[in-house]
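Notes for the one structure printed next.
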Amino acid sequence: MQSLSVRELERYDRQIRISEIGFEKQLKLKNSRVLVAGVGGLGGVAVLYLTAAGVGSIRIVDEGILELNNLNRQIIYSEKDVGRLKVEAAAERLKSLNPDIVVEPIPHKITLENVDELLNNVDLVIDGLDNFKTRFIINDKCVERGIPFIHGAVYSLEGRLMTIIPGETPCLRCLIPSPPPEYDIIPVIGPVPGIIGCLEALEAIKIITGIGKPLTNRILIFDGFNLDFTYLPITKSPRCPVCSKLSQESKNDL
Ligand SMILES: [Zn+2]
């Protein structure tokens, strides 16, 4: 278990002063590894806050190349990054923000074939994706391997957030059994993924440190047109193909 340097104690001073965090929980952040799936509007914001907060190892996975039309919301990047691999530009930005953390940029698409390896030694996953096909690949594997998964999504001025603790709470498939129709292009304005991405980072910090109460068993629907935050309850579905398999396995274990 590593300790915190004098520099780190100064860098994180204001959050160490939060009585629920303190030195011990800050060390937990340092010794944790988070996978951020997709570094666009959602993941790019979440990962900036995780980096600033001192999450020690961050694995960013995205196969995308930055385009000019990404910059209305993907504030981790600058115009000079257009045409570059997003993970490379993001890793550079994160290292310049906080050289004390380890960033692992992985320029791949997440698939059924590589998801297992990508999740190795990961404590938690943040959803920064734009499609449900990949979200389901991660959801299913996270439930199977017992890795907390924070789901976020945006469309227009609406955002959604839900935290999944495998074995304890409903998962993404309990809520949506099969992938909904996908959009080729998602209309969106920056502050909306900004809000949801920030909340994803906060949920991650809470789960790693064990403080507060995560957003489980319900989903947050953020309506930016009216600035409404609505919470809807979600229950585990007996027909969920992922959770039902898990409970069947644990019954077999008894
Ligand atoms: Zn489920």
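The values are calculated or read from the model by the stated rules, or taken from the named source; none is laboratory data. Keep in mind the model is a prediction, meaning the values are calculated, not measured. Every residue, glycine among them, receives a Cβ derived from its backbone with ideal geometry; neighbour counts consider all protein chains shown.
Summary of values
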| quantity | calculated |
| --- | --- |
| Subset of the range 76-90 that is closer than 19 Å to residue 42 by Cβ, of a type in the set (A, V, I, L, M) and out of contact with any Gly (no Cβ under 7 Å at 6 or more places or on another chain) - its residue that is surrounded by the fewest Cβ atoms within 10 Å (Cβ to Cβ) | 85 |
| The range 113-140, residues that are under 22 Å from residue 175 (Cα atoms) and part of a helix (DSSP H, G or I) | 115, 132, 133, 134, 135, 136, 137, 138, 139, 140 |
| Any hit, the range 43-54, residues being in a strand (DSSP E or B), surrounded by 24 or more Cβ atoms within 10 Å (Cβ to Cβ) and under 17 Å from the mean Cα position of the chain (by Cα) | no |
| Filtered residues of the range 26-42 (kept if out of contact with any Ser or Thr (no Cβ under 6 Å at 6 or more places or on another chain) and in a helix (DSSP H, G or I)) | 26, 27, 29, 30, 41, 42 |
| The listed residue being away from the ligand (no atom under 14 Å from the Cβ), touching a helix residue (DSSP H, G or I) at 6+ places or on another chain (Cβ under 6 Å) and at pLDDT 95 or above, out of 102, 122, 87, 82 | 82 |
| Members of the range 150-172 that are in contact with a helix residue (DSSP H, G or I) (Cβ under 6 Å, 6 or more places away or on another chain) and either within 11 Å of the ligand (Cβ to nearest atom) or more than 24 Å from residue 64 (Cα to Cα) (or both) | 163, 166, 171, 172 |
| Qualifying residue in the range 190-205 (condition: of a type outside the set (A, V, I, L, M, F, W, C), at pLDDT below 95 and not in a helix (DSSP H, G or I)) | no |
| Residue 127 vs. criteria away from the ligand (no atom under 11 Å from the Cβ), within 13 Å of residue 36 (Cβ to Cβ), surrounded by fewer than 21 Cβ atoms within 10 Å (Cβ to Cβ) and modelled with pLDDT of 95 or more | no |
| Where a residue in the range 166-177 is closer than 11 Å to residue 149 by Cα and in a helix (DSSP H, G or I) and its partner, wherever it lies, is near the ligand (Cβ under 9 Å from one of its atoms) and of a type in the set (Val, Ile, Thr), with Cβ under 8 Å and at least six apart | 172/164 |
| Residue check for residue 73: of a type in the set (D, E, K, R) and assigned to a loop (DSSP other than H, G, I, E, B) | yes |
| When residues of the range 216-247 are limited to those that are more than 16 Å from the ligand (Cβ to nearest atom) and touching a residue at least 40 places away in the same chain (Cβ under 8 Å), the one surrounded by the most Cβ atoms within 10 Å (Cβ to Cβ) | 222 |
| Hits in the range 1-25 - residues which are part of a helix (DSSP H, G or I) and either without any contact (Cβ under 8 Å) to a residue 40 or more places away in the chain or β-branched (Val, Ile, Thr) (or both) | 6, 9, 10, 13, 14, 15, 16, 22, 23, 24 |
| Condition met for residue 47 (at pLDDT 95 or above and within 22 Å of residue 195 (Cβ to Cβ)) | yes |
| Given (1) modelled with pLDDT of 95 or more; (2) out of contact with any helix residue (DSSP H, G or I) (no Cβ under 6 Å at 6 or more places or on another chain); (3) within 15 Å of the ligand (Cβ to nearest atom), number of the condition residue 176 does not satisfy | (1) |
